[in-house]
1. Evaluate the range A:48-57: report whether one residue or more is over 23 Å from the mean Cα position of the chain (by Cα) and assigned to a helix (DSSP H, G or I).
2. Within the bounds of the range A:8-30, is there any residue that is more than 10 Å from every other protein chain (Cβ to nearest Cβ) and in contact (Cβ under 8 Å) with a residue 60 or more places away in the chain?
3. Could you list, in sequence order, all residues of the range A:121-130 that are surrounded by fewer than 21 Cβ atoms within 10 Å (Cβ to Cβ) and more than 10 Å from chain B (Cβ to nearest Cβ)?
4. Can you tell me which residue among B:207, B:175 is on the phi < 0 side of the Ramachandran plot and either surrounded by fewer than 18 Cβ atoms within 10 Å (Cβ to Cβ) or assigned by TED's automatic domain parsing to the domain that holds residue B:144 (or both)?
5. Against the definition (in contact with a helix residue (DSSP H, G or I) (Cβ under 9 Å, 6 or more places away or on another chain), more than 13 Å from chain A (Cβ to nearest Cβ) and touching a residue at least 12 places away in the same chain (Cβ under 8 Å)), how does residue B:249 come out, yes or no?
6. Among (1) crowded, with 18+ Cβ neighbours inside 10 Å; (2) under 22 Å from residue B:75 (Cα atoms); (3) within 14 Å of chain A (Cβ to nearest Cβ), there is one condition residue B:195 misses while meeting the rest; what is its number?
7. Which count do you get for residues in the range A:218-238 that are at the interface with chain B (Cβ under 10 Å from one of its Cβ atoms) and in a loop (DSSP other than H, G, I, E, B)?
């Protein structure tokens, strides 16, 4: 027979767990209910295909494309920076570096992840942009390039540590077989180990992308706040997240269409990150099955 | 023969590429910290810490910002720690196989990937509007508590998982109930790991900017918050505000405030790492 006290405690603990489910439900409910009001006024086709986003001006246009292109551009630059560096670091740490070196380098890389994002924004604006301007003509003081590169540096630890775990999980027999065939460490690493760990590395890249899409402060500070339908990294752009910050800083009346735009932007962002996260879960599961 | 030599050359060359890439991140970090120290360290004095914000850069201080950060840190801890640890205990010790636990688990994995600014939209609608708390410390703390909840839950579970089953069985064998076992045996044994996770989660909360901007935390607050219902600002928002201004003097202020913010986050991370190492050394199951 269970004591009543025990049962009560279990129920209380389960309730705390349920709070997290409630949080998810609340997020979805808030995004859907508030953006509903937006989509009643603005036709979905305008939202998806109009090429201008000017809800804060007198002449209002509600095309999400400029915000999407800004988000895409900064994310692409970040990924192009972080993926090669992150994977090489992961291979180096897992296959080449000795135990002591790895023990010293890993915490140092983790520091990169502990720095608040607003600090990276300061860095992009005051150090990286002036540096890039010395050899890239026509680079504005707000630009997608600098924000993207700094965001890439920020997500290096995400990619390197998850990739390293994936490389580490590759069975030793594969390495030994490759060495036995006379392959060098480099050949073994890139022709055997990396392909064998490819789904785990994919997971790290996808999570890196999700992180870059949702990143706010770096782009709000260094990429400018002008919706700009362009793929030129030298220009100022505005991402979905930066737009939400921009509106939040101003005096926007509650319940107005401007107010609702941030929820429409938010739900767009949420859909992207939700899909990417679940793609990574799916890949992770598939890959675990393969090795166990 | 030639091909073999080439392959060996590539192999030893890659060693340096690897060092260079790993070094790149660390060197960039070093440049960056050096730059900030150079720009900001001279600006930090007693007045900077105790002055209210001002439109004139040389008179502006971070009193409201750091007190706001301290408030947010305390309130977020009070809300998030009991909830997160309880949920972690439930998932690890009670709900191993039931469906509710499975749903909660999947859900936590998803929540951990939701961008922080979305939590800001959640807080804006639920705490600021519906509960009518306005842009108060309480609304900010609840928003950040929900944001760091997944981190605390996962850390709690990891710490509980590391406690060997023999401890549980010994306790049950002595006639202890499940909760007595958890409260008197498992939790004390896992406390180091749980504490580490909590501190890391809180240091994340200290650095968050975007969700607090969305719920309406202000950049200019001319008074020190006295109750949880007061409006507030925090260090990251103060930094953002100063970075956004064109005058050089405000950038110096921003660098100085960044030094304070980084000192707080690094100290918290340092304590967490220290606790983790001590805990790992002490426990020899």
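The values are calculated or read from the model by the stated rules, or taken from the named source; none is laboratory data. Every value quoted in this text rests on a predicted model; they were computed, and no experiment measured them. Cβ atoms come from the backbone with ideal geometry, glycine included; neighbour counts cover every protein chain shown.
1. Yes, the conditions are met somewhere in the range A:48-57.
2. From the range A:8-30, those more than 10 Å from every other protein chain (Cβ to nearest Cβ) are none; that's our starting set.
Checked the range A:8-30: no residue is more than 10 Å from every other protein chain (Cβ to nearest Cβ) and in contact (Cβ under 8 Å) with a residue 60 or more places away in the chain.
3. Once the filter is applied, which keeps residues that are surrounded by fewer than 21 Cβ atoms within 10 Å (Cβ to Cβ) and more than 10 Å from chain B (Cβ to nearest Cβ), the range A:121-130 yields only A:130.
4. Unique residue meeting the criteria: B:207.
5. Yes, satisfied.
6. Here residue B:195 meets the rest and fails (3).
7. Of the residues in the range A:218-238, 1 are at the interface with chain B (Cβ under 10 Å from one of its Cβ atoms) and in a loop (DSSP other than H, G, I, E, B).
Let's see how each residue does on (1) within 11 Å of another protein chain (Cβ to nearest Cβ); (2) surrounded by 22 or more Cβ atoms within 10 Å (Cβ to Cβ):
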position	(1), (2)
B:66	no, no
B:84	yes, yes
B:88	yes, yes
B:97	no, no
B:109	yes, no
B:112	yes, no
B:116	yes, yes
B:132	no, no
